[in-house]
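The values are calculated or read from the model by the stated rules, or taken from the named source; none is laboratory data. Treat the numbers as computed from the prediction; the structure is a model and nothing was measured. Quick reminder, even Gly has a Cβ in these numbers, built from the backbone with ideal geometry, and neighbours come from all protein chains shown. Note: accessible area is taken over every heavy atom of the protein model, side chains too, but ligands, DNA and RNA are not part of it. Shrake-Rupley method; radii C 1.70, N 1.55, O 1.52, S 1.80 Å.
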Amino acid sequence: MRPADDRVRLKKEGGRYHHGNLKDALVLAAERSIAKSGSTDLPLRDVAKLAGVSHAAAYRHFVSKTALLAEVAVRGFASLKEKLLAAVEVAKAPDARLIELGVAYVTFALESSGSFRVMFDSALKPFTQFPGLAEAAAESLAVFQRVVKEAADAGALRSDDLNGSVTSAWALIHGHAVLLLDDHLALGVEDAATSARGTMRRLVDGLRAR
């Protein structure tokens, strides 16, 4: 249940806002606003208001709304990477690891929808224009690449087109996540995980080595 008041409360140190707290609060305020509205089209002035600071104070950390969104995306990709890594450690069999990877991806999209929408917003392309963003995105995709390769090496997937298998896995589970986010699949988080597991199982069966 989302609280009625989405404002981010900042703690002051010595009567002044702590530098790190303010930047983190602006990022959190943006994430919450986007998660609530489903849109990345939010003025920096509105984010500053949610964070309880002045417009000028927000500009001391982010020169534009796009710069703020880039920071949200960097942190989002880093968080996604950690969740994917944690998920694949649970399963032992290579094909099961790929399935759990997909479930973790969908769960992240639903539980961190503000970040997820920003991470794939076309306004941030190309990622190379923002410090750390291209690297963060590549590191999360690298988890997909590694798990697919491990499955292929173990004979659980075809090994003749690894890049194609990675693209198929990512495209399918990303599309599944977006359908859920946009309410085209009316499922709760728990049911969504079950649905994602089924989707990934069908993908693995389709890519299985013959």
ask   = Got at least one residue in the stretch 28-37 being in contact with a Pro (Cβ under 8 Å, 6 or more places away or on another chain), surrounded by 15 or more Cβ atoms within 10 Å (Cβ to Cβ) and assigned to a helix (DSSP H, G or I)?
value = no
query = When you scan the stretch 84-93, how many residues do you find that are open to solvent by 40 Å² or more (accessible area, probe 1.4 Å) and either of a type outside the set (Gly, Ala, Ser) or in contact (Cβ under 8 Å) with a residue 60 or more places away in the chain (or both)?
reply = 5
query = Is it the case that some residue within the stretch 67-83 is more than 16 Å from the chain's Cα centre (by Cα) and without any contact (Cβ under 8 Å) to a residue 60 or more places away in the chain?
reply = no
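Looking at THR199, THR128 in this structure, which one is loosely packed, with under 12 Cβ neighbours inside 10 Å and hydroxyl-bearing (Ser, Thr, Tyr)?
Numbers: THR199 fails: loosely packed, with under 12 Cβ neighbours inside 10 Å.
Answer to the check: THR128.
Yes or no, residue by residue, for (1) touching a Ser or Thr at 6+ places or on another chain (Cβ under 8 Å); (2) in contact (Cβ under 8 Å) with a residue 12 or more places away in the chain:
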position: GLY102; (1), (2): yes, yes
position: SER113; (1), (2): no, yes
position: VAL118; (1), (2): yes, yes
position: LEU124; (1), (2): yes, yes
position: GLY132; (1), (2): no, yes
position: GLU135; (1), (2): no, no
position: PHE144; (1), (2): no, yes
position: LYS149; (1), (2): no, yes
position: ARG158; (1), (2): yes, yes
inquiry  = Which of the numbered conditions does LYS92 fail, given that it passes all the others? Conditions: (1) modelled with pLDDT under 90; (2) more than 30 Å from ARG201 (Cα to Cα).
reply    = (2)
task = Can you tell me which residue within the stretch 146-167, out of those that are open to solvent by less than 50 Å² (accessible area, probe 1.4 Å) and not hydrophobic (A, V, I, L, M, F, W, C), is nearest to LEU101 (Cα to Cα)?
result = SER165
Residue check, SER115 at negative phi and in contact with a His (Cβ under 8 Å, 6 or more places away or on another chain) = no
key: Output for the stretch 108-133, where each listed residue is over 14 Å from GLY76 (Cβ atoms) and in contact with a helix residue (DSSP H, G or I) (Cβ under 7 Å, 6 or more places away or on another chain)   = ALA123, THR128
request  = Take the residues in the stretch 38-49 that are among the small types (Gly, Ala, Ser) and at pLDDT 90 or above, then tell me which one is surrounded by the fewest Cβ atoms within 10 Å (Cβ to Cβ).
outcome  = SER39
query = So which residues in the stretch 43-57 are in a loop (DSSP other than H, G, I, E, B) and out of contact with any Lys or Arg (no Cβ under 7 Å at 6 or more places or on another chain)?
reply = VAL53, SER54
